[in-house]
Amino acid sequence: MQLMAKPQRWPFIYTWIVILGIVFASYALTALTNPAPASANLTHWYMARSAGMTAYLLLSLTAFLGVTTASGMWDKLKLRKLVTQLHQFSAMLVLPFVFFHLWGLYEDKTVPFSVSSLFVPFADRYRPAAVALGILSLYTWVLLVLTSLFRERLKATAWRRIHMLAFPMFAAVTLHGLLAGSDSHTVWAKLVYAVSSAIILAASIARWRKARSKTARQPSAA
């Protein structure tokens, strides 16, 4: 299953151009309409929180669609192609919202983050282990996207092995949100992480069982 088909690459680039335009426009609008000190301006704090949670929900949707499509769940309903496309587009949307999350953290002065602390694990003293999980997850997700962009140049076995990193990455992102998130103490945030994790775990177990039973039947069929 390919993460991004060739016809989708230019729309992906156009999307990033639009997003960068929105970033600069919103930054200018904030400076003009709310010229308060950075420490008193909560715009970017809300941006970091909302974008981070949106990215997590999109990642959960992407993981669920990927696992269930690989297990053949949608084949009987003849929805494999549609679900695969939804998987691809939701996967592409993760990165822009991660960008907004990082940009909000950098501009917000409630907890100051330097550029290096946002991209280098353990470079900052604020919850270093939890933040490092988020940074490593970001690099893993970029790796998944890049290898899917050029999947036709990779061997199928190599691509599958790289794509298996999605499972530990999802676990790391969940821990990152629980341990570093501003809303992790709230009931609604705990429900989001718990329900998403339970769904992905159940889908992964179902996929593993189906693959195991298929492997067990092969010798008898021979």
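The values are calculated or read from the model by the stated rules, or taken from the named source; none is laboratory data. Everything quoted here is computed from the prediction, not taken from an experiment. Cβ: placed from backbone, ideal geometry, glycine included. Neighbour counts: every protein chain shown. Accessible surface is based on the protein model in full, side chains and every heavy atom, while ligands, DNA and RNA are left aside. Shrake-Rupley method; radii C 1.70, N 1.55, O 1.52, S 1.80 Å.
Remarks
- Of all residues in segment 75-105, those satisfying the criterion of being over 15 Å from LEU144 (Cα atoms), among the hydrophobic types (A, V, I, L, M, F, W, C) and open to solvent by 70 Å² or more (accessible area, probe 1.4 Å) are LEU77, LEU82, LEU86.
- Qualifying positions in segment 125-143 - more than 18 Å from LEU175 (Cβ to Cβ) and of a type in the set (Val, Ile, Thr): VAL142
- Any hit, segment 42-54, residues being of a type in the set (D, E, K, R) and open to solvent by less than 60 Å² (accessible area, probe 1.4 Å): no
- Segment 134-143, subset of a type outside the set (Phe, Trp, Tyr) and over 14 Å from GLY52 (Cα atoms), residue surrounded by the most Cβ atoms within 10 Å (Cβ to Cβ): THR140
- Test for THR110: is it at pLDDT 90 or above and of a type in the set (Val, Ile, Thr): no
- Among the residues of segment 106-124, those identified as closer than 19 Å to ALA172 by Cα and either in contact (Cβ under 8 Å) with a residue 40 or more places away in the chain or open to solvent by 50 Å² or more (accessible area, probe 1.4 Å) (or both) are PHE119, VAL120, PHE122, ALA123.
- With respect to the conditions (1) within 29 Å of SER197 (Cβ to Cβ); (2) at pLDDT 70 or above, THR43 falls short on a single one, namely (1).
- Residue match in segment 65-74 (condition: modelled with pLDDT of 75 or more, more than 19 Å from the chain's Cα centre (by Cα), open to solvent by 60 Å² or more (accessible area, probe 1.4 Å) and farther than 22 Å from GLY134 by Cβ): yes
- Tallying residues that are open to solvent by 50 Å² or more (accessible area, probe 1.4 Å), closer than 19 Å to SER60 by Cβ and part of a helix (DSSP H, G or I) within segment 144-170 yields 2.
- Residue within segment 179-188 that is surrounded by 14 or more Cβ atoms within 10 Å (Cβ to Cβ), at pLDDT 90 or above and out of contact with any Asp or Glu (no Cβ under 7 Å at 6 or more places or on another chain) present: yes
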